[in-house]
Amino acid sequence: MKKPAKFLMIFYIAFLGILASAVFSQISSGPVPILKWLGTAGYEITFGDTVILIDPFLTRPPVNFFSKDFKGDEELNSSVALISEVIKKADYILVGHSHWDHLMDVPYIAKKTGARVIGSESTANILRSYDVSEEQIIPVKGGEQIKFPNFSVKVIPSLHSLNGKKRVGIPGVVGAPLKPPLKVADLKEGGTFGYYLRLGKYTILHIGSANFIENEVRYLPSPDVAILGTLARENTEDYTYRIIKLLNPKVVIPTHWDNFLLPFSEGAEEIAELGESGKVENFVKEIKEVSPGTRVIVQKFLETYTVGSE
């Protein structure tokens, strides 16, 4: 080979190496999702300048939910001071289902921040009950793949967990807007969703209830982080084994294991009424038995986890 040709080849190889390095550097220096637990099934996901909330529930009013005398006649009034202290910004809010412990604070947060809200028609009607702008409401039925400026979300049709009577608590739909003040029993389940988010090169799956539809998660690419509900999982056959085998996630964050009837100020306390089945450490053990290589992270309130930091 002549010297000029050899020199040009070396130059091009070096140039391509520099170019590839620059591209890789640009990709790797992009935004990384940061997860903050808000208690119950609630999360704040910060991705660059975008803030996504999932099931934000902070008010946590006293409700006799675990009593056999439960009627759901407690009035719902969001704690404005607490929400203002914790939630500084929200661009999007994803609602898994319409029960009060997932939805009750969403209308106030949506009006305060202007966030767009994705949820069922029942969720949409609860938002309309509080005069949330129609432009902010994105009703979904499940299966939608929605593209936003710097992330996308797939709405996963799902199932609510079952109580000790093998039923869904507060079942039904909210077929039309209601007149506030609303009560706990007014916020019916209304259909349940999971959400699979693509944020740059990272993926996060949120399933807030301990139940799911196998064929709806079977073909999902394994998520970097699977946020999985634990409450009442003992009423779903082989819940932990089945979902971990299907998803094969790198990281699992247990959610909805804390006593959501206690004030937020008391922190994450387990639900004593559920005994051993309610202990998050047992869910962690179950995951490790199925998939020893999966990392499990149990968070405290407002604790953050940076995706990909393991």
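Results, tabulated for the structure shown:
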read-out	value
Set K112/K245; K68/K88; K88/K179 screened for pairs whose C-alpha atoms are more than 30 Å apart	K112/K245; K68/K88
S120, S161 arranged by Cβ crowding within 10 Å, fewest neighbours leading	S161, S120
Taking the range 43-191 and dividing mean pair separation by its residue count, relative contact order in percent (alpha carbons under 8 Å, at least six apart)	24 percent
Residues with amide H under 5 Å from that of R116, placed H, sequence gap 5 or more	Y92, I93
GluC sites (Glu not before Pro) within the range 72-103, DSSP loop, no more than 14 other Cβ atoms inside 10 Å	none
Farthest positive-ward along the chain dipole, Cα basis, beta-carbon charges - from V63, N125, Y219	Y219
Sequence-distant residues sharing a close amide H with I271 (under 5 Å, placed H)	N259
√(5λ) per eigenvalue of the Cα gyration tensor, the range 153-232, largest first, Å	27, 16, 11
Exposure proxy ranking, count of Cβ atoms within 10 Å, fewest first, for L262, L159	L262, L159
Residue exposure sequence - D105, D49 - by fewest surrounding Cβ within 10 Å	D49, D105
For the chain: relative contact order, % (alpha-carbon pairs under 8 angstrom, 6 or more apart)	18 percent
Share antiparallel - DSSP beta bridges, the range 31-298, percent rounded to 5	55 percent
Calculated mean projected area of the Cα convex hull in nm² (choose from [x] 19.1; [y] 15.7; [z] 21.5), label	[x]
GluC sites (Glu not before Pro) lying in DSSP loop within the range 214-252, provided at most 11 other Cβ fall within 10 Å	E237
Inter-part distance where the range 112-165 and the range 55-83 are each reduced to a Cα centre, Å	20 Å
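Bear in mind these aren't lab numbers, they're just calculated from the coordinates by the rules spelled out. Not measured: the values here are computed from a predicted model. Counting neighbours? That spans all protein chains shown, and the Cβs are built from the backbone with ideal geometry, glycine included.
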